[in-house]
1. May I ask you to compute the full-extension gain from residue 128 to residue 72, defined as 0.36 nm times their residue separation minus their alpha-carbon distance, rounded to one decimal in nm?
2. For the stretch 133-143, take each phi angle, set θ = phi - 60°, evaluate the Karplus expression 6.51 cos²θ - 1.76 cosθ + 1.60, and give the result in whole Hz per residue in order, putting x for glycine and proline.
3. Between residue 64 and residue 118, take the C-beta separation as r, use R0 = 35 Å, and let me know the FRET efficiency to the nearest 0.05.
4. Can you give the FRET efficiency for residue 44 and residue 96, using 1/(1 + (r/R0)^6), R0 = 22 Å, r = Cβ-Cβ distance, to the nearest 0.05?
5. Label-point separation (nm) for residue 11 and residue 85, each offset 7 Å from Cα along Cα-to-Cβ?
6. Dividing the convex hull volume of the Cα atoms of the chain by its residue count, what figure in Å³ per residue is obtained?
7. Per DSSP H run of at least 4 residues, take -39500 (n - 2.57); add these up for the chain, divide by its residues and hand me the 222 nm value, nearest 500 deg cm²/dmol.
8. Would you list, by chain and number, the lysines whose Cα falls below 23 Å from the Cα of residue 82, excluding same-chain residues fewer than 8 positions away?
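Bear in mind that the values in this text are calculations on the coordinates, not laboratory data. Note that the structure is predicted; figures quoted are calculated from it, not measured. Glycine gets a Cβ as well: all are built from the backbone with ideal geometry, and neighbour counts include every protein chain shown.
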Amino acid sequence: MELFFDMKNLRRITRSQIEDIVPLFDSYRVFYKMESDFDAAKAFLNDRISNEESVIFAAYEGENTIGFVQLYYTFSSVSLEKSLILNDLYVDSKYRKQSVGQQLLEKAQQFCTQQGFKGLALETAIDNPAQKLYEKLGWEKDYHCFHYFWQVKR
């Protein structure tokens, strides 16, 4: 049976809907080699929404959540503008290659434009096949700088 996704089923997640995306968020973390932890995932998402630190859009098929995108706020001291970081994008494996990811990306772009942000940034693995989709939707690869990360030793 072929499944089709209807764009009308994209919703911005509120605190009361966090439970809807916890299983997908947990699967996303497991995909990146983290231990499954529903309680920690729920607490993390609740903190982000409660503290207005992120915006999450979810894709639904009926009442089932099939994908999500999470955006974080950031700022540029140079341009004096606010931007968004597209930090998390995940689609249930049964719904991949059905434009769910594309529609979530387009929703993020639409939100960014409507809210007056400078733009969206994202980081992805060098071998991620989604790069073709990003480029198709107008994302440009950053060739003029390197990204570094310093980690606290625990």
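1. Numbers: separation 56, 0.36 × 56 = 20.16 nm, distance 2.11 nm.
Using 0.36 nm per residue and subtracting the Cα-Cα distance, I get 18.1 nm.
2. Once θ is set to phi - 60°, the couplings for the stretch 133-143 become 5, 4, 5, 4, 8, x, 6, 10, 5, 8, 9 Hz.
3. Numbers: r = 34 Å, r/R0 = 0.99.
For R0 = 35 Å, the calculated efficiency reads 0.50.
4. 0.35
5. 2.8
6. Numbers: hull volume 24.1 nm³, N = 154.
Each residue corresponds to 156 Å³ of Cα convex hull volume.
7. Working: 4 runs with 48 residues, N = 154.
Estimated from H runs of four or more residues: -9500 deg cm²/dmol.
8. Those lysines meeting the cut-off are 107, 118, 141.
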